[in-house]
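Peer 1: Please read through the structure below; I'll follow up with questions.
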């Protein structure tokens, strides 16, 4: 009996490539006392994983060379010597990029498959969804009638920010990569307008879309999305900063720091960085509000699914370039029988 | 009868020089109905004036070429057709860089010369003092026991930030230009330590001074002070940003924007830009607290005085290079008889 895992083969200096990952096969471990063995069904791919590939000091320990890449999964328990978990339990667990794994139960949550499709525990009802909800409500303190710009508007986080902002009675402007995503944002997610972040005249397009200026910028991207939004922010606008995917692997021709510092000063901006792992105390309130909306279909979501663990690296590299359309998942194993 | 004024002669592209100013003599105007004529005693020189020399969009209208440089002054009324102001009144007024000026009373405050030396209305009890007090209390929400780094630690703003923070029971670390200012900061202003912002290993020196990290960075300077402080900020630290004098005229080798954006994200910082002109509603509370402390000598202050309006440009250019030591003033005329 063996299992498969993808380990960090080397640290990227700039944009990562396939050479930084390695697929390995290893003997399937058996659970010791107080452990369970689970089989991965869904693996979540998220931009934060780029940070874990680097040795630079950050908010979390990096993955070491040769270690299994970290990641959240939906899995089911196939053997257990843990009193809290039984064979057949379906769990949300930090199994990493692996077909199977042992757990002592730390950081593991049992899922109720009747609430929503299991994959939503990694997306709209999981970490990205909580990020959207906390960012909009707690970090940006969004109010009805305000105007918000959401970068990565159709991504796992942005797609929920946009829908929640619209439900709140805000004017919602999306920035996304390409016409197809922009059309989806307006037709399905309720954005008032969605602009292609590659447009040459993006600053002017945002100004046209919001002549009175922007109250809130929900920042997932940085790069041109940031540069084009900054001059359109109202005096005293707020920025909720939870990602900067355009700059995770270094930046080509990044703007100089004084551009940003000067905007914060002259426009009296409030900028708050946040990492969702600080805010899990808000999960019950988030689920109480959003789970029924997903169940009823009032909130929609979209998934990009890669088939098979072996395709996780390619899917992750595509995600870093904006190749995903909605929440990026890897189907590692079949649903429970 | 004539008066003297200094006008903007040309807009600087980078660091300004004497060629961007011109001293003019003009006929002394007489007050019309609803106006008064005042004679300048003290002119305040402040870093924000660099912004007014540029045409770039900012929070205030720029000075036009040929117009008198803007600035706050202490002055006395020498002729009046305004019902609210009588000859002999001493006022705080936006007279600009001029020996005399007309006013319709807008933005003018009568001063009580018995409270403190008149010049303090431009410094420790004026705009810079209010900036320090609002920044520390309202913007940074400073608390006893926290550790703060104050850039431009002996400047008009920083010198009060340091003293107020110390009185609040904080650990107070200053950054200032050179050994003399640092010695003054520790001996007279109560800083626990003051570091030369030109030190090669400033990041390490701050780390040594605050091994537990920094809760609040009071930002007047940007440049190396910012770069060295950022890595020493605690998770969830706050930055009160009211100036960036090192970058007002462009920056040599500025850091790239991702350095700052990444720090805000990973360290979950809150950065708030503020401009004191938004906060004048706080002036009474500020004066109620700080004026008695200045009167009793519990709060001290230091002034750099240039003699004569004609020396205002040189003093201002020196201020932009950190050549002032304390609040920079120009003695334009003698005190009232």
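Peer 1: If only one of B:83, B:47 is within 14 Å of chain A (Cβ to nearest Cβ) and more than 22 Å from residue B:1 (Cβ to Cβ), which one is it?
Peer 2: The conditions single out B:47.
Peer 1: Let me ask something additional. May I ask you to say which residue of B:260, B:264 is touching a strand residue (DSSP E or B) at 6+ places or on another chain (Cβ under 7 Å), within 14 Å of chain A (Cβ to nearest Cβ) and part of a helix (DSSP H, G or I)?
Peer 2: B:264
Peer 1: Taking the residues in the stretch B:19-50 that are part of a loop (DSSP other than H, G, I, E, B) and within 28 Å of the chain's Cα centre (by Cα) as candidates, determine which candidate is surrounded by the fewest Cβ atoms within 10 Å (Cβ to Cβ). Before you say what the answer is, go through the steps one by one.
Peer 2: Within the stretch B:19-50, the subset part of a loop (DSSP other than H, G, I, E, B) is B:28-35, B:45-48.
Of the ones still in play, those that are also within 28 Å of the chain's Cα centre (by Cα) are B:45-48.
Numbers: B:45: 26, B:46: 24, B:47: 23, B:48: 20.
Of everything passing the filter in the stretch B:19-50, B:48 is surrounded by the fewest Cβ atoms within 10 Å (Cβ to Cβ).
Peer 1: So, in the stretch A:240-257, how many residues would count as being surrounded by 24 or more Cβ atoms within 10 Å (Cβ to Cβ), in a strand (DSSP E or B) and within 7 Å of chain B (Cβ to nearest Cβ)?
Peer 2: Residues in the stretch A:240-257 being surrounded by 24 or more Cβ atoms within 10 Å (Cβ to Cβ), in a strand (DSSP E or B) and within 7 Å of chain B (Cβ to nearest Cβ): 1 in total.
Peer 1: A further question on this structure: Can you tell me which residues in the stretch A:221-239 are within 25 Å of residue B:139 (Cβ to Cβ) and either away from chain B (no Cβ under 14 Å) or buried (at least 17 other Cβ atoms within 10 Å of the Cβ) (or both)?
Peer 2: A:222, A:226, A:229, A:230, A:232, A:233, A:234, A:237, A:238, A:239
Peer 1: So in the stretch A:201-217, with the set limited to residues that are within 13 Å of another protein chain (Cβ to nearest Cβ) and not in a helix (DSSP H, G or I), which one is farthest from residue A:140 (Cα to Cα)?
Peer 2: Checked the stretch A:201-217; the qualifying residue farthest from residue A:140 (Cα to Cα) is A:213.
Peer 1: Go through (1) surrounded by fewer than 24 Cβ atoms within 10 Å (Cβ to Cβ); (2) in contact with a helix residue (DSSP H, G or I) (Cβ under 6 Å, 6 or more places away or on another chain); (3) closer than 20 Å to residue B:134 by Cβ for residue B:218 and report which single condition fails.
Peer 2: For residue B:218, the failing item is (1).
Peer 1: Taking the stretch B:177-215 as the search range and keeping residues that are on the phi > 0 side of the Ramachandran plot and touching a helix residue (DSSP H, G or I) at 6+ places or on another chain (Cβ under 8 Å), which one is surrounded by the most Cβ atoms within 10 Å (Cβ to Cβ)?
Peer 2: Of all residues in the stretch B:177-215, those on the phi > 0 side of the Ramachandran plot come to B:178, B:190, B:213.
Still in the list and also touching a helix residue (DSSP H, G or I) at 6+ places or on another chain (Cβ under 8 Å): B:190, B:213.
Details: B:190: 17, B:213: 15.
This residue is B:190.
Peer 1: Is it the case, given these coordinates, that residue B:304 is away from every other protein chain (no Cβ under 14 Å), without any contact (Cβ under 8 Å) to a residue 40 or more places away in the chain and part of a strand (DSSP E or B)? Let's see the steps before the verdict.
Peer 2: Details: away from every other protein chain (no Cβ under 14 Å): yes; without any contact (Cβ under 8 Å) to a residue 40 or more places away in the chain: yes; part of a strand (DSSP E or B): yes.
Yes: the conditions hold for residue B:304.
Peer 1: While we're here: Filter the stretch B:82-98 for residues that are over 19 Å from the mean Cα position of the chain (by Cα) and surrounded by fewer than 21 Cβ atoms within 10 Å (Cβ to Cβ) and give the result.
Peer 2: B:83, B:84, B:86, B:87, B:88, B:89, B:90, listed by residue number.
Peer 1: Now, a different point. Would you be able to say whether some residue in the stretch B:202-218 is modelled with pLDDT of 95 or more and closer than 16 Å to residue B:155 by Cβ?
Peer 2: yes
Peer 1: Suppose we filter A:174, A:190, A:155 for residues that are modelled with pLDDT of 95 or more, outside the structural domain of residue A:307 (by TED's automatic domain parsing) and assigned to a strand (DSSP E or B); which single one remains?
Peer 2: Of A:174, A:190, A:155, the one residue that is modelled with pLDDT of 95 or more, outside the structural domain of residue A:307 (by TED's automatic domain parsing) and assigned to a strand (DSSP E or B) is A:174.
Peer 1: Just a yes or no: is a residue in the stretch A:116-134 free of Cβ contacts under 8 Å to residues at least 12 places away in the same chain and within 30 Å of residue A:86 (Cα to Cα)?
Peer 2: The first filter runs over the stretch A:116-134 and keeps only residues free of Cβ contacts under 8 Å to residues at least 12 places away in the same chain, leaving A:117.
Still in the list and also within 30 Å of residue A:86 (Cα to Cα): A:117.
Looking for residues that are free of Cβ contacts under 8 Å to residues at least 12 places away in the same chain and within 30 Å of residue A:86 (Cα to Cα), one finds at least one in the stretch A:116-134, hence yes.
Peer 1: Sort through B:102, B:111 and tell me the only one that's without any contact (Cβ under 8 Å) to a residue 40 or more places away in the chain, surrounded by 16 or more Cβ atoms within 10 Å (Cβ to Cβ) and either in the same structural domain as residue B:317 (by TED's automatic domain parsing) or more than 27 Å from residue A:267 (Cα to Cα) (or both).
Peer 2: B:111
Peer 1: Shifting gears a bit: Which numbered condition trips up residue B:274, out of (1) surrounded by fewer than 22 Cβ atoms within 10 Å (Cβ to Cβ); (2) within 13 Å of chain A (Cβ to nearest Cβ)?
Peer 2: All conditions pass for residue B:274, except number (1).
Peer 1: Sticking with this structure for a sec: Those residues that are under 27 Å from residue B:320 (Cβ atoms), in contact (Cβ under 8 Å) with a residue 60 or more places away in the chain and out of contact with any helix residue (DSSP H, G or I) (no Cβ under 6 Å at 6 or more places or on another chain), I need them from the stretch B:21-42; list them, please.
Peer 2: B:40, B:41
Peer 1: Based on what the data block shows, is residue A:181 part of a helix (DSSP H, G or I), away from every other protein chain (no Cβ under 14 Å) and touching a residue at least 40 places away in the same chain (Cβ under 8 Å)?
Peer 2: Details: part of a helix (DSSP H, G or I): yes; away from every other protein chain (no Cβ under 14 Å): yes; touching a residue at least 40 places away in the same chain (Cβ under 8 Å): yes.
When the stated conditions are applied, residue A:181 passes them.
Peer 1: Here are A:31, A:62: which of them is touching a strand residue (DSSP E or B) at 6+ places or on another chain (Cβ under 9 Å) and within 14 Å of another protein chain (Cβ to nearest Cβ)? Give the steps one after another, and end with the answer.
Peer 2: Numbers: A:31 fails: within 14 Å of another protein chain (Cβ to nearest Cβ).
The match here is A:62.
The values are calculated or read from the model by the stated rules, or taken from the named source; none is laboratory data. The shown structure was predicted, so the numbers you read here are calculated from the model rather than taken from an experiment. Cβ sites come from the backbone with ideal geometry, for glycine too, and all protein chains shown count toward neighbours.
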